[in-house]
Every structure is written in C-alpha cells, then in structure tokens.
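Below you'll find the structure, written out as structure tokens, and then a few comments.
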Amino acid sequence: MRDDGIYVRFAPIHRSFRRLPFDRIERVERADFGLLTYGGIGIRWTANTVAYMTTRGSGIKIDRKNAKSVVIGSQNPSALLETIDELH
C-alpha cells in the first residue's frame, strides 16, 4: 500500500503491480470464504468480482466505483483493514 492506493501483484502472473486508487474505492470490508467460493486458488473472475486467492479463509473485499470488486486473500485481514483506514 502507498499513499495513493492499494497495489496488487500476483506473481509470477503479473509482471507489474495493479493499482486500486483510493479515490475509486467505495468500501472495504473483511471477507470470509471457502476454498471453492471463487473457484479455487489463483486469480479468479466472477461477473462482479476479481479475486486474488492464495488460500481459503479470510481476506478483504474492495468495492470500487464503476468497476468490479476486488477480493484479496490474506492471513491477516485485520492488519490490511487497519492500514487502509490509516491511508485512506
């Protein structure tokens, strides 16, 4: 995370970071999900969501203005939410 947004890179698939600017984010919340909620591990797409999944369990869901939501799997979603609140 940086002052201007959240950066996501799912190596080795992404060569560069994907930026989610704070001014385009409507809401961020904790998300709990099972392994098959988004179809398994990896980068997963649904009609309304892009999910970066490394494991089942917890993560954060980012709702964006006029764009798909983004779900990021994390072992420590509380720390992510706290950091986003501080920067946003």
| request: Please report, in whole Å, how far the alpha carbons of the chain spread along each principal axis, starting with the longest. | output: 32, 26, 25
| note | So the angle from the long Cα axis of helix 77-87 to the longest Cα principal axis of the chain, reported in degrees to the nearest 10, equals 20 degrees
| So how much slack lies between Arg18 and Arg56, counting 0.36 nm per residue of separation and subtracting their Cα-Cα distance, in nm? | 11.5 nm
| field | Accessible area (Å², per residue) of the chain, counting only protein heavy atoms and a probe of 1.4 Å | value | 64 Å²
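Quick one: with all protein chains in place, what share of the accessible area of the chain is carbon or sulfur, to the nearest percent (1.4 Å probe)? Walk me through the numbers on the way to the answer.
Working: 2520 of 5600 Å².
After summing per-atom areas, the C and S share lands at 45 percent.
The values are calculated or read from the model by the stated rules, or taken from the named source; none is laboratory data. A quick note: this is a predicted structure, and the numbers were derived from the prediction, not measured. Heavy atoms of the whole protein, side chains included, go into the accessibility calculation; ligands, DNA and RNA do not. Shrake-Rupley method; radii C 1.70, N 1.55, O 1.52, S 1.80 Å.
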